[in-house]
Amino acid sequence: MTHFKLLFEHDYVGAWDLEGGEKTVVIDRIAVEDLKSVDGQTKKKPVVSFRGAKRRLILNKVNAQTIADLYGPDVDKWVGKPITLIATTTNAFGKTVECIRVKPERPAGNGKKRGLAPSEQAIEDSEPVHDSAAPDMH
């Protein structure tokens, strides 16, 4: 099954990319960026980049706390650490919506890439991000 949101271009990773599964990624960088909210206002939000991934994850408080529980509160020490993203749902805006959560356990192994299901290819890029510049948002 192909989720309809995969038919459209997105700058950030969404639950639909995982199609109900999970994906282990390695944190490459955390930056605070100005993002437009649903109401059109600009707000500063933390954004996580992953090694080898084109798209990034807008970090909410729940996922930030989970990563802090795994690796400590110093975000600089999160770089190079693996986390597992899982697709799930939450209640927001009066309805149940899809979301991504960080699995509250450290991934087994060293966090290197594993074989990817076709649905997970959407968050992969052929080249890892190595510099501190923002990755290409195409």
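The values are calculated or read from the model by the stated rules, or taken from the named source; none is laboratory data. No experiment lies behind these values; they were computed from the predicted model shown. Please note: Cβ atoms are built from the backbone with ideal geometry, for glycine as well, and neighbour counts cover all protein chains shown.
Okay, here's what the table says:
Condition check ((1) touching a helix residue (DSSP H, G or I) at 6+ places or on another chain (Cβ under 9 Å); (2) crowded, with 17+ Cβ neighbours inside 10 Å; (3) of a type in the set (Phe, Trp, Tyr); (4) at pLDDT 95 or above) across all residues:
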residue: 10; (1), (2), (3), (4): yes, no, no, no
residue: 13; (1), (2), (3), (4): yes, yes, no, no
residue: 40; (1), (2), (3), (4): no, no, no, no
residue: 53; (1), (2), (3), (4): yes, yes, no, no
residue: 69; (1), (2), (3), (4): no, no, no, yes
residue: 72; (1), (2), (3), (4): yes, no, no, yes
residue: 75; (1), (2), (3), (4): yes, yes, no, yes
residue: 79; (1), (2), (3), (4): no, no, no, yes
residue: 91; (1), (2), (3), (4): no, no, no, no
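Per-residue answers, yes or no, for (1) under 11 Å from the mean Cα position of the chain (by Cα); (2) at positive phi:
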position: 40; (1), (2): no, yes
position: 48; (1), (2): yes, no
position: 52; (1), (2): no, yes
position: 55; (1), (2): yes, no
position: 59; (1), (2): yes, no
position: 63; (1), (2): yes, no
position: 66; (1), (2): no, no
position: 71; (1), (2): no, no
position: 75; (1), (2): no, no
